Amino acid sequence: KDLKCDHFALEIEFKFISNSVIYDLNKVLENYQIKIVRYIDGNYVKNFINDDLEISEKTHKILTGYNENEVTFMPKNIKKLGLFEKFFQLFS
């Protein structure tokens, strides 16, 4: 907001787990009534906050917005279909 500068830098780092690994892991954990909702990189947590907190406390800080520069991608909102639209999609 109201940023005035001569130079601007943006650092982006993407880390990912393939969908097949996530699917397999969720299938195994499903047998124990466990569901993973979010994944976070352990090295990111360890290196981001340089204090004597436990890794669980560091992770909690990050997941609750400690890093105000962090960006989270949200799924696209899909328009809800009306009754007639659902009916016609059923037969198309």
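Quick check on Ile40: is it in a helix (DSSP H, G or I), among the hydrophobic types (A, V, I, L, M, F, W, C), surrounded by 10 or more Cβ atoms within 10 Å (Cβ to Cβ) and within 14 Å of the chain's Cα centre (by Cα)?
Details: in a helix (DSSP H, G or I): no; among the hydrophobic types (A, V, I, L, M, F, W, C): yes; surrounded by 10 or more Cβ atoms within 10 Å (Cβ to Cβ): yes; within 14 Å of the chain's Cα centre (by Cα): yes.
Considered against the rule, which asks whether it is in a helix (DSSP H, G or I), among the hydrophobic types (A, V, I, L, M, F, W, C), surrounded by 10 or more Cβ atoms within 10 Å (Cβ to Cβ) and within 14 Å of the chain's Cα centre (by Cα), Ile40 comes out as no.
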Unmet criterion (only one of (1) modelled with pLDDT under 80; (2) surrounded by 10 or more Cβ atoms within 10 Å (Cβ to Cβ); (3) not in a loop (DSSP other than H, G, I, E, B)) for Phe84: (2)
Test: Tyr66 is of a type in the set (Phe, Trp, Tyr), in a loop (DSSP other than H, G, I, E, B) and either surrounded by fewer than 10 Cβ atoms within 10 Å (Cβ to Cβ) or at pLDDT 75 or above (or both): yes
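The values are calculated or read from the model by the stated rules, or taken from the named source; none is laboratory data. The structure presented is a predicted model; accordingly, all values stated were derived computationally and were not measured. Heads up, the Cβs are rebuilt from the backbone with ideal geometry, glycines too, and the neighbour counts pull from every protein chain shown.
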